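Trainee: Attaching a single structure in structure tokens format; questions to follow.
Throughout, read-outs are computed from the coordinates displayed, never taken from laboratory work. In this text, all values refer to a predicted model and were calculated from it rather than measured experimentally. When we count neighbours, we look across all protein chains shown, and the Cβ atoms used for this are built from the backbone with ideal geometry, even at glycine.
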């Protein structure tokens, strides 16, 4: 009884929420590295790994958080607690779409403000178009107030197209000229000869197989446990502060599960590779929209309830933020700092409207 009361105190709820965030971030990092290593050792081509396994692995935090919320919502629905069921659904949907909007309005904006980049329109256009089409299809499939499993299948088709296109693009990039391939092999061999530095790296090199298996298990466990803490404690924080569950999902949870993308973006800016950051964000957004909500719909079974706020505010801003970012870039062949500032201002407007509007 004492321990239960202790873990339900305000300081511990906040501490456990933060621990959940940290577990998701570090667990995701370990899981991606280990999953890539296991896939390579099993003989799966690297371009398939990059196009599928790593792409899905980097969205696991958002996916697991929303799945746990959807499972809880289904449980509440079966038990007849419709209010609790709707709160869980708000967490699932708010995290998924909130992560998309946080990626676009916060992380992409940061990337464009500090380092606008030029793009190759022929290579770039298809992913943004697929993302915008996914949002439109998701909107149309949810117009009756719920995303049914049938509607979810149409949304999932966009994910299939994305992976096929991603795989074809990655395969083309592998077809390098012979001299470039030789240079890459030489660099790889030189790095392989180099003695690993530091105790951790030496341990990793010496016990490569058990090390990566352990990292895979710990990473997966970290994501699941962290997601559980994030959902439970995020909901408790919302109740304590009288803040709607959806707002917590749109802000603290959504931004928290997007922290890996934020760290990647900052790293890309430091390394002057902002174009990589923009491409990764668009890909992550497409997977979030085309995978998470359909999976939640299948779990919920009866059709995932979609409110007017989600339809006409969340999805509208998701479409608008992406359109502001990519349409001018596709026309002009480059991004600009002005776009970054406009996207950020639109994101702040979205958070404010989400807090005060009930449609």
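Trainee: Any idea how far apart residue 240 and residue 153 come out in nm if each label point goes 7 Å out from Cα toward Cβ?
Mentor: Those two pseudo-labels are separated by 4.5 nm.
Trainee: Listing 322, 164 from the residue with the fewest other Cβ atoms within 10 Å to the one with the most, what is the order?
Mentor: Numbers: 322 27, 164 11.
Listing 322, 164 from fewest to most nearby Cβ atoms yields 164, 322.
Trainee: Between residue 208 and residue 221, what length comes free when the chain is fully extended (0.36 nm per residue of separation minus the Cα-Cα distance, one decimal in nm)?
Mentor: Details: separation 13, 0.36 × 13 = 4.68 nm, distance 1.99 nm.
The span from residue 208 to residue 221 would gain 2.7 nm if fully extended.
Trainee: Something else about it: Could you work out how much longer the chain between residue 341 and residue 19 gets when fully extended? Use 0.36 nm per residue separation minus the Cα distance between them, nm to one decimal.
Mentor: Taking 0.36 nm per residue and subtracting the Cα distance, the gain is 112.7 nm.
Trainee: Work out how much length residue 140 to residue 357 would gain on full extension: take 0.36 nm times their residue separation and subtract the Cα-Cα distance, in nm to one decimal.
Mentor: On the way: separation 217, 0.36 × 217 = 78.12 nm, distance 2.18 nm.
The span from residue 140 to residue 357 would gain 75.9 nm if fully extended.
Trainee: Follow-up question, since we're still on this one. Arrange the following residues from fewest to most other Cβ atoms within 10 Å of their Cβ: 215, 91. Mind showing how you got there, number by number?
Mentor: Values: 215 22, 91 30.
Going from sparsest to densest Cβ surroundings: 215, 91.
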